[in-house]
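Engineer: Have a look at this one.
Throughout, read-outs are computed from the coordinates displayed, never taken from laboratory work. What you see is a predicted model; the values in this text were computed from it and never measured. Reconstructed Cβ throughout: ideal geometry from the backbone, glycine too, with neighbour counts over all protein chains shown.
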């Protein structure tokens, strides 16, 4: 559908990438990865025709439709959310108006058959465009992205920029273009909406090119990785985890090939040097000289070890109870967020807040930070406990006219220039970079400045609202390590499950005016919730089976079921192996639809296998 032929692009400070040859086909869902500044957004814009390459060309298939979600905040409008989404189909809306007008005319003059014929033609076209189900599909997508029925009827301009981005995303998804281009689509989504979008994209049958720094999201929604590194774009088949494995393998192979070639070069040069003056060896010497001249040199393998070495200021020992909420009530007019809510945050606890959109996660952080007032109740911070608050829109608090250096200097009185430079170095700002104005920094660079400002003074309690937004994968990993080694306490909100799993040791579910604690990270929480859901219908079933254990017919039914399960296991194993061979067959390497179909069949079969194992174990314990 889209082909890039020999694309190259440079900026005044150097090359971004050279000689890029890529074809985006139907069924190919590609994650575009690389460090901040590697050229991901530029390559995306070249594919879209919004930026011109220095050389090469982009070929777009005839009648190929494109949907693009940029990072820019979408402007508001006075029309309702649902109308804004449906406005992407002007012909459908016009036909709907014509049908209404013609129906009214026919009601007044039923004998006019030309009007009836016109209505039939309009209805046929309306149906062909999916007009009858369009609004239902739009509401389903908006609901998945966190909009309630009431919010869908509200005007768009009453919502924040993040919510308007969701509307733009819903409009694009509803249009079902041939190729989707998404630039950091989860930056404005909560965890619940991220999970919904992940499932939606996993079923996407068209093409997809997406920039995302959410590792778990990439693992579940894409089947190809396009990596920009060292001015090259490399294609890897599989999700993000598979890419890391294959990249490590390719790097090892590259190292071995480089070492072998270097040995060959040295041996050849030694031969030339030793026998250069011997006439009897002149032919062999010349042969080896020509061989060296023609040899295509393997580049020195380079590992990207350059990363932010983040050293968080560690707090002094705090009291056992860092903060406590007692009978907290919070209301916004008629909306009740918390009702008699109680929570105690203890020393060393790292709490991840989860819950559906609007449950009150950000409100809880704001209450703890003192930027929101209680309706009633009390929040007490422990004696001599210092806290720091990173808001979801912390980047907006930066002065765009400050330099990076000045931004830190403003919040670090008494620090020397050496202290500030050293501190900024730990956040990956060095040399001339500290003299850059905030307004010219990328989103990831601004996020690093905002984090650095917040962490200047040691804090016993960090309150973090989406701290990984705008950070690239490398910087997220470094921040994860730093926060996991932090000796203080943390309460954080994040839609990045990888971040939550590596940083938190306690999960707090917010919702229905209260909270519920789970003694583990996000994976533990998700497992416990799934276990609770599965137990509800199964408990009654297990009791029924236990009661019927002594009954011959019931025992026979169980034996028959177990025998069938054993047979089904064997069939599933054969089918899984068949599809695994398809995936591993190099003849199908470019057949994305076939590969995707095989992967989906394997996932379905593996899920069925696990469910049957659970059923088998349950019968065996009866």
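Engineer: Could you work out how much longer the chain between residue 314 and residue 203 gets when fully extended? Use 0.36 nm per residue separation minus the Cα distance between them, nm to one decimal. Before the final figure, lay out the partial values.
Structural biologist: On the way: separation 111, 0.36 × 111 = 39.96 nm, distance 4.50 nm.
Length gained, residue 314 through residue 203: 35.5 nm.
Engineer: Simple spin-label model, 7 Å along Cα-to-Cβ: residue 528 to residue 5 in nm?
Structural biologist: With each label placed 7 Å out from Cα toward Cβ, I get 5.9 nm.
Engineer: Then there's this: Mean residue ellipticity at 222 nm from the helices of the chain, using -39,500 (n - 2.57) per DSSP H segment of n ≥ 4 over the full residue count, to the nearest 500 deg cm²/dmol? Could you put the intermediate results ahead of the total?
Structural biologist: Working: 20 runs with 295 residues, N = 622.
Theoretical 222 nm ellipticity from helices: -15500 deg cm²/dmol.
Engineer: Could you tell me the calculated FRET efficiency between residue 591 and residue 101, based on Cβ-Cβ distance and R0 = 45 angstrom, to the nearest 0.05?
Structural biologist: Values: r = 49 Å, r/R0 = 1.09.
Efficiency, rounded to the nearest 0.05: 0.35.
Engineer: Another question about this same structure. Pop a pseudo-label 7 angstrom from the Cα along the beta-carbon direction at both residue 279 and residue 517 and give the gap in nm to one decimal.
Structural biologist: Placing both labels 7 Å along Cα→Cβ, they lie 9.4 nm apart.
Engineer: For a Förster distance of 25 Å, can you work out the FRET efficiency between the beta-carbons of residue 251 and residue 578, rounded to the nearest 0.05? Mind dumping the intermediate values first?
Structural biologist: Details: r = 32 Å, r/R0 = 1.29.
For residue 251 and residue 578, the calculated efficiency is 0.20.
Engineer: Give me the distance in nm between label points sitting 7 Å out from Cα along the Cα-to-Cβ direction at residue 72 and residue 481, one decimal.
Structural biologist: 3.7 nm
Engineer: Here's another thing I want to ask about it. As a footprinting exposure proxy, order 577, 203, 334 by other Cβ within 10 Å, with the fewest listed first. Each step should come with its number before you reach the end.
Structural biologist: Details: 577 11, 203 8, 334 5.
Ordered from fewest to most neighbouring Cβ atoms within 10 Å, 577, 203, 334 come out as 334, 203, 577.
Engineer: With percent of Cα pairs over 31 Å apart as the read-out, I listed [x] 64; [y] 59; [z] 55; which label goes with the value calculated from this structure?
Structural biologist: Identified label for the calculated read-out: [x].
Engineer: Let me ask another. What percent antiparallel are the DSSP beta bridges of the chain, to the nearest 5?
Structural biologist: Details: 38 of 72 bridges.
So the antiparallel bridges amount to about 55 percent of the total.
Engineer: With a 10 Å radius around each residue's Cβ, average the other Cβ atoms per peptide and rank 481-492, 148-159, highest first. Walk me through the intermediate numbers first.
Structural biologist: Working: 481-492: 19.8, 148-159: 14.1.
Ranked from most to least packed, the peptides come out as 481-492, 148-159.
Engineer: Further question: Applying 1/(1 + (r/R0)^6) with R0 = 41 Å to the Cβ-Cβ distance of residue 153 and residue 58, what FRET efficiency is obtained, to the nearest 0.05? Walk me through the intermediate numbers first.
Structural biologist: Working: r = 41 Å, r/R0 = 1.00.
Given R0 = 41 Å and the Cβ-Cβ separation, E is 0.50.
Engineer: Run the numbers for residue 121 and residue 137: contour at 0.36 nm per residue of separation, minus the present Cα-Cα distance, in nm.
Structural biologist: Details: separation 16, 0.36 × 16 = 5.76 nm, distance 2.36 nm.
Between residue 121 and residue 137, full extension yields 3.4 nm more.
Engineer: Once you have the Cα-Cα distance between residue 18 and residue 175, take 0.36 nm times their residue separation minus that, and quote the gain in nm to one decimal.
Structural biologist: Taking residue 18 through residue 175 to full extension adds about 53.2 nm, to one decimal.
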